[in-house]
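Structure first, commentary second.
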Amino acid sequence: MQITGRGLNLIYDLNQEECTYGFKDITICLNPHEMVGIMGPSGCGKSSLLYVLSGMKKPTSGTVYYNDIDTKDYSISEMASIRKAKFGLIFQKHFLIEYLSVLDNVLAPVNSQRKEEVEKAMEILEALKISHLAKRRPGQISCGQRQRAAIARALINNPEVIFADEPTASLDHDNGSEVINILNKFKDRAALVIATHDKTMLKQADRIIDLWDGRTVK
Ligand SMILES: Nc1ncnc2c1ncn2[C@@H]1O[C@H](COP(=O)(O)OP(=O)(O)O)[C@@H](O)[C@H]1O
Ligand SMILES: [Mg+2]
């Protein structure tokens, strides 16, 4: 899948008198098998850009194309189906369900306990080195392990694009680097977009887009 954003702007309307830019005039192309870093300080628009590229928010102006199709042509529910089927989303907070086991959290997006699905979930947990924790609940594992569980959940649908918003922000440097290494292994299957304020996490990026105050820095 190829995602292209042309001339994108996002304005948040705070109230009738006041508005603020999420980001301004961004043109970006995401290609398969590429790790793209979106870099910049807090408040520069990284999360906003990921929301728009993943179709969670509509841009105020400009166009997002999925495989050359203008996403304005899709309804909200069609967009949600595309996201569910094609995208893997990873956030700074893991958003795991506390009362489900790690394994059941990973299976939640596929909503199935079929043998093939369970085997696949276990394979992913194995690749992330947490298969031995499959039966535990999120409250019974470490922060870094929870982030890996959230990554496993994002990967269960074989996403074509993985959007990760500050996936390492709640981790120490070593755990953060390892999470990026793990994500990088999925580059042969998916495009990876990683937003972070920490440049040291983007050593493996094929491309880095620097944002400053909502704009790209050339
Ligand atoms: N829901 C919101 N309502 C109003 N302004 C927002 C909202 N979310 C983000 N912003 C503003 O948009 C700008 C970009 O924010 P954000 O995309 O969260 O940046 P980053 O992820 O780089 O920290 C900031 O000025 C922020 O205050
Ligand atoms: Mg953010």
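Each reported figure results from applying straightforward, stated rules to the coordinates on display, with no laboratory input. On a predicted model such as this, the values are computed, not experimentally measured, just so you know. As a convention, Cβ positions derive from the backbone with ideal geometry for all residues, glycine included, and neighbour counts pool all protein chains shown.
Within the same chain, lysines fewer than 8 places from Lys129 are excluded, and of the rest, those with a Cα less than 27 Å from its Cα are Lys84, Lys86, Lys93, Lys115, Lys120, Lys185, Lys187, Lys199, Lys203. Using a Gaussian network model of the chain in which every pair of alpha carbons under 10 angstrom is joined by a spring, one finds that among Ile180, Ile151, Ile76 the greatest mean-square fluctuation is at Ile76.
For the pair the range 148-179 / the range 12-60, the C-alpha centres are spaced 19 Å from each other. Between 0 and 90 degrees, the angle of helix 173-185 with respect to the longest Cα principal axis of the chain falls at about 90 degrees. Relative to the globular-protein estimate of 2.2 N^0.38 Å, the Cα radius of gyration of the range 100-201 stands at 1.03. Working note: Karplus 6.51/-1.76/1.60 with θ = phi - 60° gives the range 26-41 the couplings 9, 10, 8, 10, 10, 10, x, 6, 9, 9, 10, x, 10, 10, x, x Hz, where Gly and Pro are set to x. Judged by the mean number of other Cβ atoms found within 10 Å, the most tightly packed of the peptides 41-51, 64-74 leads the ranking 41-51, 64-74. The equivalent ellipsoid that matches the C-alpha gyration tensor of the chain spans semi-axes of 29, 19, 16 angstrom, in descending order. Taking max minus min of the alpha-carbon positions on each principal axis, the range 3-54 gives extents of 43, 22, 16 Å, largest first. Dipole magnitude for the chain: about 380 debye, using +1 per Lys or Arg Cβ and -1 per Asp or Glu Cβ, origin at the Cα centre. Once you sort the root eigenvalues of the Cα gyration tensor of the range 44-92 as a ≥ b ≥ c, which label holds: rounded (a/c under 1.5), prolate (a/b larger than b/c) or oblate (the other case)? Note, shape of the range 44-92 comes out oblate. Put simply, the Cα atoms of the range 1-106 extend 45, 33, 28 Å along their principal axes, the longest span coming first. Along the charge dipole of the chain, Cβ charges K/R +1 and D/E -1, which of Tyr21, Met122, Ala191 sits furthest on the positive end? Among Tyr21, Met122, Ala191, the one farthest towards the positive end of the dipole of the chain is Met122.
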